[in-house]
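Heads up: the structure comes next, in structure tokens.
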Amino acid sequence: MQSMRAVTVVTAGIVTALLLLTSCAEKEDGQEPPAAAPVVVAAAEPEIDPVTGLKMTGDWELVRGNCTACHSAKLVTQQRGTDQQWLTMIRWMQEKQNLWQFDPNTESRIIAYLSENYAPDAARRRAAIPRDLLPPNPYAADTASPN
Ligand code: HEC
């Protein structure tokens, strides 16, 4: 008699546990809304002007008007720089290459366009070759030493 009761109690316990487990699982299922796939909005790359190769965004026409009169726009688009580096290039052209002066507003818009669209990127230059991998330097004072 005693063992029958024990079996009943154990069975009841197991059933309760199973019920609890399934209800937990259901609850979990019910609670978790289907994970919404993250919407990845890639920053759209501006179109490229087929004539100059400049990125057609912002003040690109101002740059086309001021920066392609003496040389190809390729010279611009292949270059990279920060605000300061672009300004330095412009000052150099003004000093040495007859580039005209800009009013401050025009200049800052040109520089903003350039430094935003042609900013330095970290991996543009390969690392320097280690000295021991360089070819022998024929101009080295001591020709016995490789470099
Ligand atoms: C008045 C003529 C003239 C104008 C306008 C002009 N440049 Fe230049 N630029 C030159 C000359 C000349 C060179 C040297 C070309 C060469 O090395 O073959 C040069 C060279 C460059 C270089 C190469 C610099 C380097 O270190 O190799 C860049 C970049 C450049 N210009 C950007 C610009 C930008 C940006 C503008 C507009 C703000 C502009 N240029 C407008 C005359 C001009």
* Quick one: which residues, 5+ away or cross-chain, put their amide H under 5 Å from the amide H of ILE48? H built at 1.01 Å from N. => MET56
* Most to least packed among 111-121, 128-138 [average Cβ atoms within 10 Å] -> 111-121, 128-138
* Going by a ≥ b ≥ c, the root eigenvalues of the Cα gyration tensor, does region 42-147 fall in the rounded group (a/c under 1.5), the prolate group (a/b larger than b/c) or the oblate group? -> prolate
* Using the C-alpha atoms of region 60-117, what convex hull volume per residue, in cubic angstrom, is computed? -> 75 Å³
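Taken together, the values in this text are just the output of simple stated rules run on the coordinates, not laboratory data. Since we're looking at a predicted model, the values are computed, not measured. Note: ideal-geometry Cβ built from the backbone for every residue, glycine included; neighbour counts use all protein chains shown.
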